[in-house]
Amino acid sequence: MKKHIQAFILLFFATGLIAAAQSDNISPQRKQAIDSLALEKVKDLSKYISIIGSKDTQFSEANRVMDRAEELFSPGSEMGVSSLSSQDVAYYPVRRYFERLMALNYDNVTISWYDIHYISDLERQPDGRYVGVVTIYQRFEGTSVETGLNYKDTTKKDITIYVEKKQTQVAGRTIEFWDVMLGDIRVTETSA
């Protein structure tokens, strides 16, 4: 009898572990929804960067948009900055990147993103998160009337995407959901 109880307990825990592991796998339908959410967050970031960089944006509005944009990122994420005049790429914490963008010494700044697409499928990591990469092309144009400075470049950037299971309380019940966070934005090439 004791062996049967031990076998039952072992079977119960093994079934629970398998169920827990399976619940952490992403179904094809869920993956499609997550992919859409990730691309939507990248497009939101594109809009936020355009607003922050625009010289027409009021300081208070730019700060509000920076707060919203920061919420898209995983803590500790960095964004790369490059230029045609240097081979070096500088990386800044997300908030610092936005502050530098807002302070650029141009009279007019236009930033647009295009050709946004996944270059790697989501892969499960040992910590249970999924990681993927989205590539974008960023067109930057800055002009200064006073100095006659006119700078343009196109930068290819890779954005790390993190997908992890989170929990929230709704009406006293714990609800699990998959959340998408942006990670580091790495510069891969810069051209005129």
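Quick check on the stretch 68-93: of everything there that is among the acidic types (Asp, Glu) and within 20 Å of TYR162 (Cβ to Cβ), which residue is most open to solvent (accessible area, probe 1.4 Å)? So that I can check it myself, show each step before the final result.
Filtering the stretch 68-93 down to residues among the acidic types (Asp, Glu) leaves 70-71, 78, 88.
This time we only want the ones that are within 20 Å of TYR162 (Cβ to Cβ), so: 70-71, 78.
Values: GLU70: 69, GLU71: 122, GLU78: 62 Å².
Step by step, filter the stretch 68-93, then rank; the result is GLU71.
Whether any residue in the stretch 45-59 is open to solvent by 60 Å² or more (accessible area, probe 1.4 Å) and touching a strand residue (DSSP E or B) at 6+ places or on another chain (Cβ under 7 Å) is what I want to check.
Checking the stretch 45-59: at least one residue is open to solvent by 60 Å² or more (accessible area, probe 1.4 Å) and touching a strand residue (DSSP E or B) at 6+ places or on another chain (Cβ under 7 Å).
Of all the residues that make up the stretch 153-172, how many are modelled with pLDDT of 95 or more and loosely packed, with under 11 Cβ neighbours inside 10 Å?
Matching residues across the stretch 153-172 total 0.
Within the stretch 101-152, track down each residue that is small (Gly, Ala, Ser) and either part of a loop (DSSP other than H, G, I, E, B) or loosely packed, with under 12 Cβ neighbours inside 10 Å (or both).
Those that are small (Gly, Ala, Ser) and either part of a loop (DSSP other than H, G, I, E, B) or loosely packed, with under 12 Cβ neighbours inside 10 Å (or both): ALA103, GLY128, SER144, GLY148.
I'm trying to understand the selection: among the residues of the stretch 173-186, which are among the hydrophobic types (A, V, I, L, M, F, W, C), touching a Lys or Arg at 6+ places or on another chain (Cβ under 7 Å) and surrounded by fewer than 18 Cβ atoms within 10 Å (Cβ to Cβ)?
Passing the criteria: PHE177, TRP178.
The values are calculated or read from the model by the stated rules, or taken from the named source; none is laboratory data. In this text, all values refer to a predicted model and were calculated from it rather than measured experimentally. Here the Cβ is made from the backbone with ideal geometry for all residues, glycine too, and neighbour counts use every protein chain on show. These accessible areas exclude ligands, DNA and RNA; they are computed on the full protein's heavy atoms, side chains included. Shrake-Rupley method; radii C 1.70, N 1.55, O 1.52, S 1.80 Å.
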